[in-house]
Amino acid sequence: MISFDLTEHDKKVLDAIREESLIARKYARHFDENEEEFPPDQLPEAKDRPGFYSLLGGRDVDDSGMNVLGMLITAAQTWGDYSVRLRRPAGGLGNSALRAAGSPEQQQKWGHLTLAMAITEPGCGSDPSRVKTTATKDGDHYVLNGEKIFVTTGCRADGVVAWATVDANAGRAGIKSFLVEKGTPGFTVVRKEKKLGIRADDTAAYVFENCRVPRANLLGGDETVAKEGSGGFRGVMKTFNMTRPAVAAIGLGISQAALDFTREQLELAGIAIRYGASTASQNALAQKFLELEAMQEAAMLTVMRAAWLADRQESNNLESSIAKAKGGQAVRLVTQGCIEILGPLGVSREHLLEKWFRDVRITDIYEGTGQIQNLIIARTILGYSRNELR
Ligand SMILES: Cc1cc2nc3c(=O)[nH]c(=O)nc-3n(C[C@H](O)[C@H](O)[C@H](O)COP(=O)(O)OP(=O)(O)OC[C@H]3O[C@@H](n4cnc5c(N)ncnc54)[C@H](O)[C@@H]3O)c2cc1C
């Protein structure tokens, strides 16, 4: 039987994280309007706080059996605001790739760094098999040439896991991932991207120009080159199975904030939401609000199911994509619905709702768009191959 009941202690942990996440709201508008600035590594008010790891009492969100709570923690952290982080992030998407595809030696060597992951290029995003960046073998090195765009954590990361092809004629079998540390000659951060939302978030564009990295920087090891799936697609797919529900949880934390703000404003206007009463007997705005809350809850349940399967060490490929597709759609509809309910208050920059509406959009784009998730879901359920349904 599935049970998502939390212990009293875990409920307190989540309350404490939500309360701490409110610190970010003080800074949210400033960094939204001053996109060229970088928020400090740690917000001053967060410095002396214990941090949620100490509240977990020796447990870690990466521990086995901690995925469901980990998703709830993720949503609680973004409830205050998403784009301004309270603390320096422990790692980026590249760290997940290193854990999934790196050898024990590579994990030991680079695990302490903050690592971005660069797959996307101009002309290649949803279909990574079209990666054009090349990695040409030259003695004990690979020489990387190409361009990467929209790299999350890209300016501040210590290094990146970059995707490049070692053999353009080999298709996806030729694509491998390379760890490139900042400061390597030929590796340049060319700009911080300007965006619709999550403007405080650090998103970079890179160029590799005759950038030489040792053979040992190929994730999984050099000998994997001959094997399809090693150091490349399989590794990254493992990464995404772990992170897709988390991306949905990030968005759902923000849309929960939008719902809570909307409920408060409705109450101030004398419209109370009556839980348990029939929706038909309630004010039209309350009815609309309840529909949005139901959408939010359904999406959160798909996230928890994907995490619950991971906790049981069962395959969750399908469920991760369902959580990402459902979450990405729900957060857009929920924040948009909140704006519809509140009208001018919803679009005013006096409040954060309009910002949250912009911020959630990304959760339906990166780490596989909603359309791509729907393709994966359809293929899995109907039993079609990648070539039969694309
Ligand atoms: C803020 C931000 C941060 C990002 N961070 C990273 C990062 O850290 N690392 C990284 O590598 N990338 C990152 N990305 C890139 C992101 O993963 C891509 O934008 C995304 O995968 C979509 O790729 P694309 O932009 O090339 O769009 P395209 O692949 O060109 O797709 C355009 C549209 O067509 C749809 N589409 C494409 N193929 C199909 C199909 N077969 N069937 C139906 N619809 C389809 C897509 O869903 C989309 O709506 C980031 C992007 C943003 C905006």
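Given the chain, what whole percent of its Cα pairs are spread farther than 41 Å? Each step should come with its number before you reach the end.
Working: 11073 of 75855 pairs.
Here the long-distance tail beyond 41 Å is 15 percent of all Cα pairs in the chain.
Quick check: pseudo-label points 7 Å beyond the Cα along Cα→Cβ at residue 5 and residue 388, how many nm apart are they?
According to this spin-label approximation, the distance is 4.3 nm.
For the chain, what does the relative contact order come out to in percent, with C-alpha contacts under 8 Å and a separation of six or more?
16
Kindly report the accessible area of the chain per residue (heavy atoms of protein chains, probe 1.4 Å, no ligands, DNA or RNA), in Å².
Accessible area per residue: 47 Å².
Given the rule -39500 (n - 2.57) for each run of at least 4 DSSP H residues, summed and divided by the residues of the chain, what is its mean residue ellipticity at 222 nm, to the nearest 500 deg cm²/dmol? Display every interim value, and only then the final one.
On the way: 12 runs with 173 residues, N = 390.
About -14500 deg cm²/dmol.
Projected onto the charge dipole of the chain (+1 at Lys/Arg Cβ, -1 at Asp/Glu Cβ, origin at the Cα centre), which of 139, 248, 204 gives the Cα projection farthest towards the positive end?
139
How would you order 65-75, 371-381 from highest to lowest mean count of nearby Cβ atoms within 10 Å?
Descending packing order for the listed peptides: 65-75, 371-381.
Over the chain, with every protein chain in place, what whole percent of the accessible area is carbon and sulfur at 1.4 Å, could you tell me? Write down the numbers at each step before the final one.
Numbers: 9430 of 18170 Å².
C and S fraction of accessible area: 52 percent.
What is the extension gain from residue 140 to residue 26, computed as 0.36 nm multiplied by their sequence separation minus the C-alpha to C-alpha distance, in nm to one decimal?
Stretched fully, the residue 140-residue 26 segment lengthens by 36.0 nm.
Compute the normalised compactness of the range 93-227: alpha-carbon radius of gyration over 2.2 N^0.38 Å, N being the residue count.
The reported ratio for this selection is 0.98.
I'd like the orientation of helix 370-382 relative to the chain: the angle between its Cα long axis and the longest Cα principal axis, in ° from 0 to 90, rounded to 10.
With both axes taken from Cα atoms, the answer is about 80 degrees.
Report the chymotrypsin sites (Phe, Trp or Tyr not before Pro) located in the range 1-110 that are in a DSSP loop and have at most 15 other Cβ atoms inside 10 Å of their Cβ, or state none.
Here the sparse-neighbourhood loop sites are 4.
Which order do peptides 262-275, 192-205 fall in by mean Cβ count within 10 Å, highest first?
192-205, 262-275
Below 8 Å, C-alpha to C-alpha, sequence gap of six or more: please give me the relative contact order for the range 93-227 in percent.
Values: 294 pairs, mean separation 36.4, N = 135.
For the range 93-227, the relative contact order is 27 percent.
Which whole-number percent is the relative contact order of the range 235-382 (Cα, under 8 Å, 6+ apart)? Don't jump to the answer; show the numbers that get you there.
Details: 178 pairs, mean separation 46.5, N = 148.
Contact order relative to length: 31 percent.
The values are calculated or read from the model by the stated rules, or taken from the named source; none is laboratory data. These figures come from a predicted structure and were not determined experimentally. We place every Cβ from the backbone using ideal geometry, glycine too, and count neighbours over all the protein chains shown. Only protein heavy atoms, including side chains, enter the accessible area calculation; ligands, DNA and RNA are left aside. Shrake-Rupley method; radii C 1.70, N 1.55, O 1.52, S 1.80 Å.
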